[in-house]
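The structure appears right after this line, and notes come after that.
Quick note: the coordinates plus some simple rules give every number you see, no bench work behind them. What you are looking at is a predicted structure, and each value in this text was computed from that prediction instead of being measured. Don't worry about glycine lacking a Cβ; one is built from the backbone with ideal geometry, like all the others, and counts go over all protein chains shown.
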Ligand code: BT5
């Protein structure tokens, strides 16, 4: 059941829906506040990277959630949104993207969407931004894809948002309980293309190659390398190929 009262604010143009909603959240906006834009002049990715999209061809939205989640399981808040977007796409057009650790929606090796989750205060809220390429596959050279290229259908951003919010409503209460978080974690593991892949981890200080073997309860990715198992807590990864054995 959809238990959240959504309050959606739509913009023809904004700098970044995440920046806007984070300010609203700081000022006490309630859970369920949502910002959606046709165009962002300063769309943000993680680590000061940018998220690009021409006007009207992508879902560009941010959602404010205020669950009670232990700090080490905060990643499940953005996971709940990513899983909801995934289900929304399947319901809308049959596409079933996979998730790539830590925050991408992918079709094979191509990036369909990304999430940017920001904590408000000391965990009083989470602004989860989501960008999904609907009718434009992303900037040249980044290996992106879009729903139109994958399925031949044009989905309107608002339609995708509405179904995604309904799906978030179904998952939202899971975040508040230990058993619910286990359920979400299981759904995430099932949707995560990363597990069982040979991957390259790229971090500021180093890079390593190995097989992703597990996702810990705190979101840490366990990677088996020739030098032993390494716990990867942050970083970017590249999927190289499916590993022969797990
Ligand atoms: C992400 O960052 O993937 C998070 C993207 C979140 C965007 C949403 S849109 C609504 C909300 N408001 C915001 O301001 N942001 C959120 P990251 O993993 O750092 O990926 C960024 C990288 O993806 C860039 O450096 C490019 O290489 C690539 N990229 C940029 N635009 C893309 C696109 N449309 N499709 C595919 N790849 C893209």
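Running a GNM on the chain with Cα contacts under 10 Å, which residue among 97, 71, 157 ends up with the highest mean-square fluctuation?
Largest GNM mean-square fluctuation: 71.
Hull surface divided by four, with the convex hull built on the Cα atoms of segment 198-245: how many nm²? Could the numbers behind the result be given before it?
Working: hull surface 13.4 nm².
Hull-based average projected area comes out at 3.3 nm².
Give me 190, 7 ranked fewest to most by other Cβ atoms within 10 Å of their Cβ, as a rough exposure proxy. Spell out each step's value before the answer.
Values: 190 11, 7 14.
Fewest-to-most ranking of 190, 7: 190, 7.
Beta carbons within 10 angstrom, averaged per residue: use that to sort the peptides 29-39, 194-204, highest first.
Numbers: 29-39: 19.9, 194-204: 17.1.
Those peptides, ordered most packed to least, come out 29-39, 194-204.
Gap in Å between the Cα centre of segment 122-145 and the Cα centre of segment 40-83?
Here the answer is 7 Å between Cα centres.
Full-extension gain between residue 47 and residue 202, please, as 0.36 nm times their residue separation minus the C-alpha to C-alpha distance.
Working: separation 155, 0.36 × 155 = 55.80 nm, distance 1.30 nm.
Extra length from residue 47 to residue 202 when fully extended: 54.5 nm.
Write down the percent of antiparallel bridges among all DSSP beta bridges whose residues are both part of segment 1-109, to the nearest 5. Don't skip to the end; give the middle numbers.
Numbers: 7 of 13 bridges.
Expressed as a percentage, antiparallel bridges in segment 1-109 total about 55.
How large is the helix-only mean residue ellipticity at 222 nm for the chain, computed as the sum of -39500 (n - 2.57) over DSSP H runs with n ≥ 4, divided by its residue count, in deg cm²/dmol to the nearest 500? Before the final figure, lay out each step's value.
Details: 5 runs with 63 residues, N = 246.
One gets -8000 deg cm²/dmol as the mean residue ellipticity at 222 nm.
May I ask for the Kirkwood hydrodynamic radius of segment 105-246, worked out over all distinct Cα pairs and given in angstroms to one decimal? Can you show the working numbers first?
Working: mean 1/r = 0.0578 Å⁻¹.
With all distinct Cα pairs of segment 105-246 included, I get 17.3 Å.
Expressed as a rounded percentage, what relative contact order does segment 108-244 have, with Cα pairs under 8 Å and six or more residues apart?
Result for segment 108-244 is 14 percent.
For segment 21-90, take N as its residue count and report Rg(C-alpha) divided by 2.2 N^0.38 Å. Write out the running numbers ahead of the final one.
Values: Rg = 13.6 Å, N = 70, 2.2 N^0.38 = 11.1 Å.
The reported ratio for this selection is 1.23.
Report, to the nearest 10°, how far helix 178-191 tilts away from the longest principal axis of the Cα atoms in the chain, using its own Cα long axis and a range of 0 to 90°.
70
Hey, what angle do you get for helix 75-93 against the long axis of the chain, alpha-carbon based, 0 to 90 degrees rounded to 10?
70
Rank 175, 208, 184 by mean-square fluctuation in a GNM of the chain with C-alpha springs under 10 angstrom and give only the top-ranked residue.
208
Enter the per residue convex hull volume of segment 66-124, computed from alpha-carbon coordinates, in Å³ rounded to the nearest integer.
Numbers: hull volume 4.7 nm³, N = 59.
Output value, Cα hull per residue: 80 Å³.
Return the single residue from 210, 143, 43 with maximal mean-square fluctuation; model: Gaussian network over the chain, springs between Cα atoms under 10 Å.
Largest GNM mean-square fluctuation: 143.
Compute the distribution of all C-alpha to C-alpha distances in the chain, in bins of 5 Å from 0, and list the percent of pairs in each, rounded to whole numbers.
For the chain, the pair-distance distribution reads 1, 6, 14, 18, 20, 18, 13, 7, 2, 1, 0.
Mind checking the angle between helix 157-171 and the chain's longest principal axis? C-alpha axes, 0 to 90 degrees, to the nearest 10.
The angle comes out near 70 degrees.
Before anything else, pin down the relative contact order of segment 198-245: Cα pairs under 8 Å, at least 6 apart, normalised by residue count, whole percent.
Working: 83 pairs, mean separation 19.1, N = 48.
Relative contact order here is 40 percent.
I need to check one value: relative contact order of segment 7-191, counting alpha carbon pairs closer than 8 Å and at least 6 residues apart, in percent. Before the final figure, lay out the partial values.
Values: 372 pairs, mean separation 42.1, N = 185.
Relative contact order here is 23 percent.
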